[in-house]
Each structure stands twice: as C-alpha cells, then as structure tokens.
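Remarks on the structure that follows.
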Amino acid sequence: LLFGAVLVTMFSRLGGGLALAHQALWLAGLAMMFLASLALALLLVSLTGNLRICLSSAGVLVATSPAFSGFTFPLDAMGDFGRNWGLVLPITHYLQLQQGQWMSDASLAAWAGQMLRLAAFTGGFLAIGLPMMLKQIHDPKRWGRR
C-alpha cells in the first residue's frame, strides 16, 4: 500500500496534479482492492484445499482480468458472457474507481458505489472462504497434504 501511495502521488503529479481528496479516495480504493484480493485468495485456498490448484485458479482469474475488465475493451461492447465475467472480477470495479479518480474527476457518490462493490466482494469471499478454511484447519485428515 505504501508503494501504491508513492505511485498514486507520482502519477497524479505527472498528470497535472490531482486534488488531495482524489488521491485519498484512490488510495482507499487501492486498499479495498488489496482486501478483496486477499479475501479471494482465502476463498480459492479454502475451496480447493490444494496450493497447486489454488494457484492455477488464480492464474485463470489474473490472465483473463485485463481482457474482461473493461479497461482494454469496453464492457458495453462485449457479449453477455464477456460482460458478466468482467462484472464478477473485482479488478473491473477497482479500475473504474481508479479511472474515475484519476481521469474523470468522479463524484464522491461514484467512488462510494465502486467501494461498496469491492466491499461486497470482500465480504462475500470471506463469508464463504473463512468457514471453509476453519473447517479444513480443524480436520486432521487435511494436515500435511500438498
């Protein structure tokens, strides 16, 4: 997050300077994206119970994120599958938040909407992943498996 703060400050200065409020909102969004990413990692580990499969699943999500996030190609121009896949990726909502704060002078309401979406991802991933992980941790048959 500290490195992200340095980058946000650097980009805002290079791009003509953002108001400090926009920088703070952007950083808060970045922090929420980190939390959503950590919660997603917990969910993947708890679902698979296997680091190899978990990392492969994360690879699929990461590999498809740029194409379906709406950042490289507009979500509105995608077919139903592509648009829906993009909408279930947390990065889609973070990138909309980032662009809104960096390029579009987005309102506080627009920022809050994206933050709520990221918070919903975080909460949903934790609500499913945490109980499953606790169950695996307390099951001696799972101990020592690779």
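Applying the criterion of being open to solvent by less than 70 Å² (accessible area, probe 1.4 Å) and part of a loop (DSSP other than H, G, I, E, B) to the residues of the range 57-79, the residue that is farthest from GLN114 (Cα to Cα) is GLY79.
Out of everything in the range 4-17 that is under 9 Å from TRP102 (Cβ atoms) and either assigned to a helix (DSSP H, G or I) or touching a Ser or Thr at 6+ places or on another chain (Cβ under 6 Å) (or both), what residue ends up being modelled with the highest pLDDT?
So, considering only residues that are under 9 Å from TRP102 (Cβ atoms) and either assigned to a helix (DSSP H, G or I) or touching a Ser or Thr at 6+ places or on another chain (Cβ under 6 Å) (or both), the one modelled with the highest pLDDT is VAL8.
For the criterion of being more than 23 Å from PRO131 (Cα to Cα), over 13 Å from the mean Cα position of the chain (by Cα) and part of a helix (DSSP H, G or I), ALA31 fails. Filtered by the rule that a residue be farther than 30 Å from LEU14 by Cβ, open to solvent by 40 Å² or more (accessible area, probe 1.4 Å) and more than 17 Å from the chain's Cα centre (by Cα), the range 100-135 gives LEU130, PRO131, MET132, LEU134, LYS135. Screening the candidates LEU38, LEU1, LEU20 for the property of being at pLDDT below 90, open to solvent by 60 Å² or more (accessible area, probe 1.4 Å) and closer than 30 Å to MET133 by Cβ yields one hit, LEU1. Being of a type in the set (Phe, Trp, Tyr) and either assigned to a helix (DSSP H, G or I) or touching a helix residue (DSSP H, G or I) at 6+ places or on another chain (Cβ under 7 Å) (or both) is the filter here, so list the residues in the range 125-145 that pass it. Answer for the range 125-145, where residues must be of a type in the set (Phe, Trp, Tyr) and either assigned to a helix (DSSP H, G or I) or touching a helix residue (DSSP H, G or I) at 6+ places or on another chain (Cβ under 7 Å) (or both): just PHE125.
The values are calculated or read from the model by the stated rules, or taken from the named source; none is laboratory data. Just so it is clear, the structure is predicted and the values come from calculations on it, not from any experiment. All Cβ positions, even for glycine, are placed from backbone atoms using ideal geometry, and neighbour counts span all protein chains on display. The protein model used for the area step is the full one, side chains on, heavy atoms only, and it has no ligands, DNA or RNA in it. Shrake-Rupley method; radii C 1.70, N 1.55, O 1.52, S 1.80 Å.
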